[in-house]
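Reading through the structure tokens given below for one structure.
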Amino acid sequence: MDKIVIRGGARLAGEVTISGAKNAALPVIVSSLLAGGWNTYRNIPNLVDIKTTKRLLLGFGAKVEEGETLRIDTGSLTSCEAPYDLVRTMRASILVLGPLVARMGKARVSLPGGCAIGARPVNLHLKALTAMGAHIELNNGYVEATAPRLSGATIYFDIVTVTGTENIMMAATLARGRTVLENAAREPEVTNLAQVLNDMGARISGAGTDVITIDGVEELHPVEAVVIPDRVEAGTFMIAAAMTGGDVVLRQCEPRHLDAVIHTLQEAGVGIIPVEGGLRVVGPPDITSINVKTIPYPGFPTDLQAQMIACMSVARGISVVTETVFENRFMHVYELMRMGADIVIEGPSAIIKGVPKLRGAPVMATDLRASASLVIAGLIAEGTTELSRVYHIDRGYERIEEKLSRLGADIRRVKV
């Protein structure tokens, strides 16, 4: 098992290249299940969740070739079962359900696991597939779905769900007739997937709005696709640069996907300057406390809430960070308090009184984004911070310790 050791106090400076987006790459890779032949994907990050997805596809009988690009052929599928041992580690595994039922007429998928940040039930996925004509049963912890061919339907999502939107959008590409998704997720990752599906021959309109229309086709064909930059990784580095009073240029990021993050950090006194191919982030001598509320895109992302709480823990004054997306996403707060943060949880809000400095301490990651918040807290803490359970951060950040080290951080990964 590894841990990350950080000696705080260094100012971040230099350039960092943002990797491809995990949350875009996963559904794009899964979309290969909809068409036989070799699909080619570029800008795929080297992450644990990506490796898990490739193992899932290999288990279905897919062929996978890796190099500068990722190539996948799902022409000869031999299984439609996603086993518990793989699915339990990654909630996004549920994304295989829709494509398998749409193309193969059946699927057996273990109920998913992943970060323990709230219920995130799959009932919206199952309700939608049922409306499209699938027969759904839950047996021994597995979702078993069958449908000779799905039929188009109008689906209203009771709550905005990114994976639900992606799952049903993929399923609908091969359904008979028209499917309309209402209260659909608007995230850039959804738009990226819709573009890839359209390049495969799908007929999707409205992606990026809350109403998406899909007219089913008889078959799809392989595609060459590029995954968008990771806006959450970009936001994490922006916050890290701000907290350390740094001067960091982010290359290969997409500023238009970061509007809410840019506005929020500017309100806190951070300088953000557009540059060719990215953004320059200049941290102020002192962070100004602000109030933040997470809401679905295009609002401030829940995946940056933990990092923002770390930032506000050393801001001047009192700030309130309110979480409206996931009900159990404050577990990192107690680890930050071990480092000297002054935070009180009241319902869905964290009330943060800024302190002059944090202190290094042994801390434990509780989920993917919590681990990132503890890393950036360690960058400004006095003394040494040791982060355990770093397998969480490896699910969503590509070589984060190497990237931070190149920016001047005193950070290393060690075996224990």
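Read-outs: derived from the displayed coordinates by stated rules, not from any lab. For clarity, every value in this text was computed on a predicted model and none was experimentally measured. A quick note on method: Cβ atoms are made from the backbone with ideal geometry, for glycine too, and the neighbour counts reach across all protein chains shown.
Taking region 162-193 and a reference point 7 angstrom along Cα→Cβ of THR209, the backbone N atoms nearer than 14 Å belong to 180-186. Among the DSSP beta bridges whose two residues both lie in the chain, what percent are antiparallel, rounded to the nearest 5? Expressed as a percentage, antiparallel bridges in the chain total about 70.
Converting phi to 3J(HN,Hα) with the Karplus coefficients 6.51, -1.76 and 1.60 and the offset θ = phi - 60°, region 49-60 yields 5, 5, 5, 4, 5, 5, 5, 4, 5, 4, x, 7 Hz in sequence order, with x at every glycine or proline. Relative contact order for the chain: 21 percent, from Cα pairs under 8 Å spaced at least 6 residues apart, divided by residue count.
Can you flag which of LYS22/LYS357; LYS353/LYS403; LYS63/LYS415; LYS3/LYS63; LYS3/LYS357 are past 28 Å Cα-Cα? Table pairs above 28 Å Cα-Cα are LYS22/LYS357; LYS353/LYS403; LYS63/LYS415; LYS3/LYS63. For the chain, the longest principal axis of the alpha carbon atoms and the long axis of helix 162-172 meet at an angle near 20°. Database remark: amide H of ARG176 closer than 5 angstrom to the amide H of LEU150, SER151, GLY152 (H placed geometrically; neighbours at sequence offset of 5 or more, or on other chains; Pro and chain starts carry no H).
Can you tell me how region 277-409 classifies by the Cα gyration tensor, rounded, prolate or oblate, using a/c under 1.5 as the rounded cut? Cα axes put region 277-409 in the rounded bin. As a rough guide to protection, the peptides 266-276, 84-94, 209-219 ranked by mean Cβ packing within 10 Å, highest first, stand as 84-94, 209-219, 266-276.
Once the chain from GLU382 to GLN252 is taken as fully extended at 0.36 nm per residue, the excess over their C-alpha distance is 43.6 nm. Of TYR334, TYR297, the sequence from fewest to most neighbouring Cβ atoms within 10 angstrom is TYR334, TYR297.
Each other residue within a Cβ distance under 15 Å of VAL375 adds +1 if Lys or Arg and -1 if Asp or Glu, for a net charge of 0. Shape class for region 359-408, computed from the alpha carbon gyration tensor (a ≥ b ≥ c): oblate, with a/c not under 1.5 and a/b at or below b/c.
Sequentially through region 247-263, phi angles give Karplus couplings (6.51, -1.76, 1.60; θ = phi - 60°) of 9, 10, 9, 9, 9, 6, 10, 10, x, 5, 7, 10, 3, 5, 5, 4, 4 Hz, Gly and Pro residues having no value and appearing as x.
Listing LEU12, LEU111 from fewest to most neighbouring C-beta atoms within 10 Å gives LEU111, LEU12. Charged neighbours of MET1, selected by a Cβ distance under 9 Å, balance to +2 (K, R count +1; D, E count -1). Computed from phi, the 3J(HN,Hα) profile of region 226-236 under the Karplus parametrisation 6.51, -1.76, 1.60 (θ = phi - 60°) reads 10, 8, 5, x, 7, 5, 6, 4, 4, x, 5 Hz, with x in place of Gly and Pro. Counted by Cβ distance under 9 Å from VAL109, the other residues give a net charge of -1, where Lys and Arg count +1 and Asp and Glu count -1. The fewest-to-most ranking of HIS257, HIS332 by surrounding Cβ atoms within 10 Å reads HIS257, HIS332. Amide H contacts for THR324 (H built 1.01 Å from N in the peptide plane; partners 5 or more residues away or on another chain; cut-off under 5 Å): THR294.
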